[in-house]
1. Does residue 22 qualify as being modelled with pLDDT under 95 and surrounded by 11 or more Cβ atoms within 10 Å (Cβ to Cβ)?
2. When both residues are 6+ apart or on different chains and their Cβ atoms are under 8 Å apart, which pairs have a first residue that lies in segment 65-92 and is on the phi > 0 side of the Ramachandran plot, and a second that is part of a loop (DSSP other than H, G, I, E, B)?
3. Applying the selection to segment 59-87, what residues are in contact with a strand residue (DSSP E or B) (Cβ under 9 Å, 6 or more places away or on another chain) and not in a strand (DSSP E or B)?
4. Would you kindly identify the strands (runs of 3 or more DSSP E) lying entirely within segment 12-58 that contain at least 1 residues that are over 13 Å from the mean Cα position of the chain (by Cα)?
């Protein structure tokens, strides 16, 4: 999965040095700063400089939920053991 400067998330399947586009969508209005995939539920989480935390369907990248924030969001990390996501802004 790749997030781009122009707000696009590209969901790729990589196999033996080749890749296949599974989904590609303009998900954000700013740079995608972090993206995380949950394979069991087929959900993509992403954060962006457009101040949006986005939850999308993995196979289509269609929006499930968008949660606005006051600051640009810079990073997302998944804790699979405790089933949590950590999101940071430019302050921390």
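The values are calculated or read from the model by the stated rules, or taken from the named source; none is laboratory data. In this text the structure is predicted, and so the values were computed from the model without any measurement. Reconstructed Cβ throughout: ideal geometry from the backbone, glycine too, with neighbour counts over all protein chains shown.
1. yes
2. Correct list of pairs: empty, since none qualify.
3. Passing the criteria: 59, 60, 61, 62, 69, 70, 71, 72, 80.
4. Where strands (runs of 3 or more DSSP E) fall fully within segment 12-58 and carry at least 1 residues being over 13 Å from the mean Cα position of the chain (by Cα), they are 18-26.
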